[in-house]
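Some notes on the structure that comes next.
The values are calculated or read from the model by the stated rules, or taken from the named source; none is laboratory data. Remember, predicted model here, so these are calculated numbers, not experimental data. Every residue, glycine among them, receives a Cβ derived from its backbone with ideal geometry; neighbour counts consider all protein chains shown.
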Amino acid sequence: MRYAVYEGKTKQEAVDKMFMAARMENRVKETMLIRTYPEERRRLLGLKKETVWIATACINESRLLDRERKPSKRSDIQLPLFKDEAVEAPRREASAMSFAGNGAHKNIPIGPQSSALLSSAFLDKNKKLEEEVETLKSSLTQIQNFIKSEFDEIKEGLMKTSRNTALENKKKIMQDLEISQKNIEWTDEFLREREFHPAIIKDIIEYLKTQKNGVLIDKAQILIAVRDFLKGNIHVEDILMENYNFGNNILFIGPTGVGKTVTIIKMAAHVAIIRQKNLRFISIDRYKVGADSQLKTYADLMKSSFHPINKQEEFFELLSQDDTHYTFIDTAGRSPRDTIVIKELADWLKKAEKKFDVHLVVSATTKPKDLDMIIESYSSLEFAHIIATKLDETAHFGSILSVLYKTKKPISFITNGQGVPEDFEIANVDKLIADSLK
C-alpha cells in the first residue's frame with residue numbers, strides 16, 4: 001500500500017487532483033480516497049495566511065502490479081481508419097474509467113447517448129481544469145506582485161534607513177570634528193594661561209591630535225590625556241632626606257632673585273642638621289650685596305663653618321679639606337646674560353676634579369619666554385637636578401613643568417614659603433601636574 005496527498009484551494013479541487021493523477025497513471029481502480037480536511041498555512045515569510053484542503057488517498061500497489069503483469073487484451077487494437085471509429089474508442093475508454101472510478105460495473109454497455117454525455121462531461125471537466133489553471137496563474141501573479149511590492153517597500157525602507165543613518169553619522173562626525181577643534185583651541189589657551197612654554201604646548205597639541213575623537217570631544221578626557229603626556233615625558237628620580245646620596249658637594253646655581261641662599265639653608269637643615277651631620281658653607285657670590293652676611297648668620301645658628309672666597313685657589317684648597325659630611329656652595333646670582341661669569345664658574349668646577357651635585361634653582365614665577373635663556377645659559381654647568389622655589393607666590397606651575405620637560409632633568413625639591421626649615425620638601429611630580437591642570 002502507498003499513500004499520496006493532494007492539495008487544493010477547495011475540497012473539490014483536492015479530490016479532483018487525486019482522480020486526475022489516478023487517471024493519468026491508469027490506476028483509478030487501485031486508488032481510494034481516505035479523508036479530506038482543511039489545513040491553515042502561512043506564506044510569504046508569515047505575512048499571508050491561507051487555508052488549503054488536503055485529500056489523502058490510498059493506492060493498492062499490489063493490485064496495480066498484478067494488472068500490469070497480465071497481458072493487455074487491447075494491446076493489438078489499432079486505431080480505426082474512419083472518423084467515427086477513431087472517436088468512439090477513446091470515448092469508450094473514458095466511459096469505462098469514469099464508471100470504474102464511481103464503482104460502476106465495467107461491463108455495462110455504453111450507447112451513443114451515453115457516449116455524448118461522457119464527452120460533454122470530459123469537456124466540462126477540461127474547461128473546469130482550465131479555469132482552475134487560470135485561477136492558479138492569477139493567484140501566482142498576485143503573489144508575485146505582492147512579493148515584488150513588499151520587497152520594493154522593504155528595499156526602499158532599508159535604503160532610506162541607510163541614507164538617514166549615513167547622514168546622521170556624517171553629521172555626528174562633522175559635529176565631533178568641530179567640537180574637537182574647539183577643544184584643541186581651548187587646550188592651547190588653557191595651557192598658556194597656566195604659564196606653559198609654547199614648545200611644550202605645541203608638543204601636547206600634536207599629541208592630542210593623535211587621540212581618538214572620543215577623547216577630543218570631552219574636556220575632562222583631554223586633561224587626562226595631557227596629564228598622561230606630562231607624566232610620560234618628565235623624568236622622575238627618587239629623593240630621600242634620610243639618605244641623600246647624590247654627592248657631598250652640593251652646589252646651587254640660577255638667576256638672581258630665585259631664592260638660592262635661603263634654599264641652601266633649608267636643604268642644609270633637612271639633609272644635615274636634622275640628621276646630626278657636620279657641614280660647612282662656601283660662598284662664591286661676589287656680586288650680591290649682603291649675601292655673605294645672610295649665609296653667615298644661618299651658619300652660626302647651625303654651628304657650621306662659613307667660607308667666603310674670592311679666588312679660584314681658595315676654592316680648590318677648601319675642597320681639598322674633606323673633613324665634613326656635606327659642603328653647601330652658594331654661587332653668584334647674576335643675570336643669565338652674564339655668560340662670562342657662568343663660564344668662569346664652569347671652568348672652576350672642571351678644574352676642581354671633584355664630583356658636584358649641581359641644582360638649578362628656578363622660580364615658579366618665571367615667565368615661559370625666559371626659560372629658554374636660563375636653560376641655555378646654565379647648561380654649561382651640567383646641572384643634575386631642578387629646584388623650584390616660590391610655589392606659594394603663584395597659582396600656576398606650567399613654567400616649572402616646562403623646565404623639566406625641556407631639560408629632561410628630575411626635580412629634587414620645592415620651596416613654598418619663607419619659613420626655615422619648614423617650607424621645604426621633596427618634590428612630587430604627580431601633584432605638580434595635577435595642580436597645574438586644575
- Item | Matching residues in segment 130-146 - criterion: being surrounded by 12 or more Cβ atoms within 10 Å (Cβ to Cβ) and hydroxyl-bearing (Ser, Thr, Tyr) | 135, 139
- Query: Would you call residue 206 within 36 Å of the chain's Cα centre (by Cα) and in a helix (DSSP H, G or I)?
  - Reply: yes
- Query: Given the structure, is residue 23 basic (Lys, Arg), closer than 26 Å to residue 126 by Cα, in the same structural domain as residue 66 (by TED's automatic domain parsing) and part of a helix (DSSP H, G or I)?
  - Reply: yes
- Task: Looking at (1) of a type in the set (A, V, I, L, M, F, W, C); (2) closer than 30 Å to residue 214 by Cβ; (3) at pLDDT below 75, find the lone condition where residue 166 falls short.
- Result: (3)
- Message: Can you tell me which residue is farthest from residue 364 (Cα to Cα) among those in segment 147-198 that are among the polar types (S, T, N, Q) and loosely packed, with under 11 Cβ neighbours inside 10 Å?
- Response: 149
- Give just the number: which of (1) touching a Pro at 6+ places or on another chain (Cβ under 9 Å); (2) surrounded by fewer than 21 Cβ atoms within 10 Å (Cβ to Cβ); (3) not small (Gly, Ala, Ser) does residue 404 not satisfy? (2)
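Based on what the data block shows, is residue 305 among the small types (Gly, Ala, Ser), modelled with pLDDT of 90 or more and farther than 30 Å from residue 364 by Cα?
Values: among the small types (Gly, Ala, Ser): yes; modelled with pLDDT of 90 or more: yes; farther than 30 Å from residue 364 by Cα: yes.
It is true that residue 305 is among the small types (Gly, Ala, Ser), modelled with pLDDT of 90 or more and farther than 30 Å from residue 364 by Cα.
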- Would you be able to tell me the number of residues in segment 23-44 that are in contact with an Asp or Glu (Cβ under 8 Å, 6 or more places away or on another chain) and at positive phi? 1
- Query: Any idea which residue in segment 227-253 is surrounded by the fewest Cβ atoms within 10 Å (Cβ to Cβ), counting only those that are assigned to a loop (DSSP other than H, G, I, E, B), touching a helix residue (DSSP H, G or I) at 6+ places or on another chain (Cβ under 6 Å) and modelled with pLDDT of 90 or more?
  - Reply: 236
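If you go through segment 347-354 one residue at a time, do you hit one that is touching a strand residue (DSSP E or B) at 6+ places or on another chain (Cβ under 7 Å) and closer than 25 Å to residue 305 by Cβ? Write out each step before concluding.
So in segment 347-354, the residues touching a strand residue (DSSP E or B) at 6+ places or on another chain (Cβ under 7 Å) come out as 349, 354.
Narrowing further to those that are closer than 25 Å to residue 305 by Cβ: 349, 354.
So far as segment 347-354 goes, yes, one or more of its residues are touching a strand residue (DSSP E or B) at 6+ places or on another chain (Cβ under 7 Å) and closer than 25 Å to residue 305 by Cβ.
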